[in-house]
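Here is the structure we will look at, set down as structure tokens.
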Amino acid sequence: MPSGYWERARTLRTSRRRFMGAGATATAGVAGMALVGCGDDDDDDSPGGGASPTTAASQAPAGSPTAPPVVRGGTIRLPLSGASSANPPTIFPFENLTYLAQTPAGFQYSRLLRGKNGADVDNGDNTAMEGDVVSKWEQPDNQSYVFTLKPNAKWQNKAPMNGRAITATDFVKTYEAFLGISQNAAGWKAVVDKITAPDEKTIKIALKAPYAPFLVTHASSAEAVWFIPAETIANDQAKKDPVGSGPFIFDKFESGVAISWKKNPDYYDAPLPNFDAAEAGLINDPQRLVAALQSGDYDLSGLNGPIYKENRSKLDNKGTDVFTQGLALGAFYFNFDNKPWNDLRVRQALSMALDRDGYLKVQDGTGKGNYHSFLPPGLAPFYLSPRDQKAKYGAQAKYWTRDVKAARDLLKAATGSDTLKFKLFCNVDRYGSEAQQAWELFASTLKDAGFEAELVFQEYGSYIQSTYLGKMPEGGCACGPLIGSPRDPDNMFNNYWSESARHNFGGTPIEQQKDIDAMIVKQRTLLDPKERVQYIQDMQVKMTESLLVIPYHSSAGWVYANPWVKNWYHKVGYAYMPDSLMKANFTEERVKKG
């Protein structure tokens, strides 16, 4: 955990009302208690989905005495989302929750705040923020924020916006549209009382109550209120030819091939971005990605842990590696009207039947993976490892350990039978080959404890609109990532909260749901960082008592950049590419290649 976390915590306790400008001071405030050293590489290409960086090759920051001059130009080419790249079902991010819609949005759209990156910033520190479309932000009290737009902020020079200045009223209109369209709107309605524009450069956000992680989970979130002009939402242009205020201007979407953008010459943070254009390919086969990196067709790519040992030697040793901890939590989840999943003993048996260590040996080529708890390993310092912190789990630790006999006994006591046949719903056309291997390993090894799973691979669109929301056929359950890119534990807890529009469980809530809801609500109000960390760790132990979901293993990830990519610092999350890439650049030799 970066030492700066507790320094920010001390600062928070002594001065809650202070000004927070873009830069280091912006990491404190109420959001200073939120996650540190965590994030997501945006590649939901493993059963653990995305991941958070833990190590990376260091580079001198641009502008430092040892850094070479920044070279501008060239087209940065990379896959849209590593081994989970695929055609987005829509390029309008309010219309669909999938990472395939949210990831490209970061190129053409802005947020209030964005992730800060560089040699002096932990790559996974989501509390490290800077102004995106705003120049400064203040917190007058525990329930309000005031954001000031950058004076030169304007829409891209493309109809119907035609380069006009951005106003605070524009943001209010965007927010109103978001509330009427997005499934994520419920998370804002639950927290935000109202958003107003006191003048054309000032956005004021009033909260319903103090909310610890607001700046992290809302103001800088890359899966919520993208600043999209209301005009392009009303005329459906956002679905086919988006216009924003971000670093790149949307060019075209070639189905099955790539999405491309051109540099925004009027960007408010000009001369950024340093690249003339960006192209995100839609291939997802890991071996093809490695081959593209070898040939230079791709400049960088998110890859995955299982192929690391076999493929790292094929790539240039001078390139940059980032190893990542799992962030997109993966679990079995249920509709509790589907018997016998409403019986705690059956869920306990299933958890004890899982061979988490065995799966890691097969799938985690980096040797850096771990178990998911009810939070993913990437959410440090909140995450409490069920493998490495068994003493803290106490009597509940046994449910994280494979014990076939105990699992069989529980299953027999609950059902009266030695076997349970059921359908296991999951997805592979988006989550990739590693996910398919995981689902097949589950089905094979669970048989030892009497669980006979029939795998049902659903098409992604159908899966995300039904199974993912807890709508499962009778007798079945599901497994897969529960969220793509949590920035704070509250993002993850929203998938467990009964009042959330996107909670994963379905049917009649289990007996302990009221206790789970109460804990989720309480952690949002804990404004002391140390207290919140401890409470959330205790929650993970308490939630093991009910096993609302059954988390499995978390393979580590791997991200690689070719050596001609300079000043690149991997930034995690759905918007990691523009957050990091617009400050990166090529060597002169690479620029000449276009």
Taking the simple approach of a point 7 Å from Cα along Cα-to-Cβ for both Lys514 and Lys339, what is their distance in nm?
2.4
Burial-style ranking of 521-527, 412-418, average other-beta-carbon count within 10 Å with highest first, yields 521-527, 412-418
12 Å beta-carbon shell around Glu588, net charge (K/R +1, D/E -1)
+4
For mean projected area of the Cα convex hull in nm², which listed value, (1) 24.0; (2) 34.5; (3) 30.6, comes from the coordinates shown?
(1)
Specify the inter-centroid distance of segment 418-445 and segment 162-208, based on alpha-carbon positions, in whole Å.
41
Using alpha-carbon coordinates, inclination of helix 344-353 to the longest axis of the chain, degrees:
80
Segment 84-99 - phi-based ³J(HN,Hα) in whole Hz, Karplus 6.51/-1.76/1.60, Gly and Pro as x:
10, 5, 5, 5, x, x, 7, 9, 9, x, 6, 8, 8, 7, 4, 4
Given backbone amide H placed at 1.01 Å from N, residues whose amide H is under 5 Å from that of Lys154, ignoring those fewer than 5 places away on the same chain, are Ile166, Tyr268
Give the shape of segment 394-523 as rounded, prolate or oblate, defined through the alpha-carbon gyration tensor: a ≥ b ≥ c are the square roots of its eigenvalues, a/c under 1.5 means rounded, and otherwise the shape is prolate if a/b is larger than b/c and oblate if not.
oblate
Cα-only Rg/Rh for segment 266-346 with Kirkwood Rh rounds to 1.21
Contact order relative to length of the chain, as percent, for alpha carbon pairs under 8 angstrom and 6 or more apart:
24
How do Ile483, Ile464 rank when sorted from fewest to most other Cβ atoms within 10 Å of their own Cβ?
Ile464, Ile483
Non-local amide H neighbours of Ser135 (under 5 Å, H modeled in plane, Pro and chain starts lacking H): which ones?
Thr148, Leu149, Lys150
Between the Cα axis of helix 513-523 and the main Cα principal axis of the chain, the angle (0 to 90°, nearest 10) is 30
Set Lys150/Lys204; Lys154/Lys263; Lys262/Lys583; Lys339/Lys423; Lys412/Lys447; Lys239/Lys583 screened for pairs whose C-alpha atoms are more than 18 Å apart:
Lys239/Lys583
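Quick check on segment 326-554: what does the Kirkwood estimate of hydrodynamic radius come out to from the alpha carbon pairs, in Å?
17.6
All of the numbers you see were taken from the coordinates with simple rules; none came from a lab. Computed from a predicted structure; not experimentally measured. All Cβ positions, even for glycine, are placed from backbone atoms using ideal geometry, and neighbour counts span all protein chains on display.
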